[in-house]
Amino acid sequence: MQTPSDSSDFHAPHPPSIWRKLGGGSLSVSLIVHAVLLGVGVAWVFQVIPATPTPEFSTGGGPSGPQGVRSQMEQRKSARKVDLNSRIVMQGFGEIVLPKMEPGEAMTNIGGMGNSLEPGIGKLGPGGNGPGGPGNGPVGAPGLNKIEIPMWGSPDPNANSLVGTFYDTKLDSHGKDTGMTADKLREVIQDFTTRGWNERTLESKYYKAPKTLYQTKLYIPEMSADAAPSAFGCGPEIKASRWIVLYRGQVSAPQSGKFRFVGAGDDVLVVRFNNQNVFDHGFTQGTTGLYVPGKVDFLAGRREDKDLARQVRGGVTKTPVTFYQYETTRNWNQNIGGLAVGPEFEVSAGRSYPIEILVSEVPGGLFGASLLIEKAGTDYPKAAGGAPVLPLFRLDSSVPAATRADNAPPYDPAGPVWKVTGQSVRPGI
């Protein structure tokens, strides 16, 4: 009798392998293949989606001193561009064109949407101005409302207004590049405003816009500097920097007395009245070339500086300067002290006086300017911070609408209206 141990033809079964113990088989092979394919797919997706770049921060270096501060501030100002190519149209006020907001700015900057407008599109009232008539309280407090269009002036030559002309100093009168720089422009403006306001020097040297505009008031809240060349009929080749706008006319006061202009410009606002410079305040003083940011304490008389004293000696604004600050002029408050108060000048009611107003944009980016007027001995309503709420210097009964834009000072809508008595004779022409 044979036993299993004695038979040479009998083979004991092999013990199961580790692979079999782990459940290896066709199902496992299939799962492994799918896992590999899934891993390849995930790796491919992460290669296609780029990593978000890490922002770089500067902790030192770079320019220092007044020139460095000026350069950095002008670069930040120039970088705050507003794209006027994409449009949003508001219904109900004519065709009001609003700029496209950059991603992330739509909510934070919605208050300024109504202000970076392209002038000349639609009208809100006679001559393109806002609704007329006096109001019962100050205008300009925060609130998203319609805004005056056009802010650079009306194309209507019959308007009771100052005549406005646009010059691009980057191009000569034949359209060739002048190589104009920001510092050189400051010298050009200083020379122009301290040597008789001879407009022939601008016409003979620089590009003159094809369109003339007619201005009844200067109230331009913070907006894109691109709007100025566009309003004056210039093409896209005229970039929004290093330009000058000059308004001229003959005016008469509604009443006799002593007055002074109050205002600010980003970058330049200079006024000549009765052949005398009577106002000059902005990021740059036009009559001295002084770059104002960082020098407000000196101008206000809070610190002494002999070098700055020599620079401003021949200018309009004498130290110490009085500044008015408002809740709606935060940028001006922080950088140039607010709105400056100019020296007094005396007028007689009914008498005709020549007036010239110069505004200019230096680095590009954003622009704003407002000109109000204060009569000596008048009791004006006060803003929250105590500064008087003054009337605009205006030549018609219309008033701009309130806006939430920065650098839009409140004003008294019931203020007096000056009259245009003729066009001023342009010196040198």
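Tabulated data for the structure shown
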quantity: For the stretch 209-268 versus the stretch 307-377, the gap between their alpha-carbon centres in whole angstrom; calculated: 14 Å
quantity: Amide proton proximity set for Arg242, modelled H, under 5 Å, gap of 5+; calculated: Glu361, Val362, Gly364
quantity: Packing-based order for 318-328, 279-289, using average beta carbon neighbours within 10 Å, highest first; calculated: 279-289, 318-328
quantity: Packing-based ranking, highest mean first, of 349-361, 191-203 given that Cβ atoms within 10 Å are counted; calculated: 349-361, 191-203
quantity: By average C-beta atoms within 10 angstrom, highest first, the peptides 389-397, 300-308; calculated: 389-397, 300-308
quantity: Dimensionless Rg ratio for the stretch 172-247, taking C-alpha atoms and the 2.2 N^0.38 Å reference; calculated: 1.13
quantity: Percent carbon-and-sulfur accessible area, the stretch 217-328, ignoring ligands, DNA and RNA, probe 1.4 Å; calculated: 42 percent
quantity: Long-range tail of P(r) for the stretch 256-362 (Cα pairs > 17 Å, %); calculated: 52 percent
quantity: J(HN,Hα) series, the stretch 380-388, from Karplus relation 6.51 cos²θ - 1.76 cosθ + 1.60, nearest Hz, glycine and proline x; calculated: 9, x, 10, 7, 4, x, x, 6, x
quantity: Spherically averaged projected area of the stretch 305-429 from its Cα convex hull (nm²); calculated: 10.8 nm²
quantity: Whole-number D in µm²/s for the stretch 337-385 (Stokes-Einstein; Kirkwood sum over Cα pairs; 4 °C, 1.567 mPa s); calculated: 87 µm²/s
quantity: Kirkwood estimate for the stretch 362-401, i.e. one over the average of 1/r between Cα atoms, Å; calculated: 12.8 Å
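The values are calculated or read from the model by the stated rules, or taken from the named source; none is laboratory data. Bear in mind the structure is a predicted one, so any value in this text is a computation, not a measurement. As a convention, Cβ positions derive from the backbone with ideal geometry for all residues, glycine included, and neighbour counts pool all protein chains shown. Remember, those area values only see protein heavy atoms, side chains included, never the ligands or the DNA or RNA. Shrake-Rupley method; radii C 1.70, N 1.55, O 1.52, S 1.80 Å.
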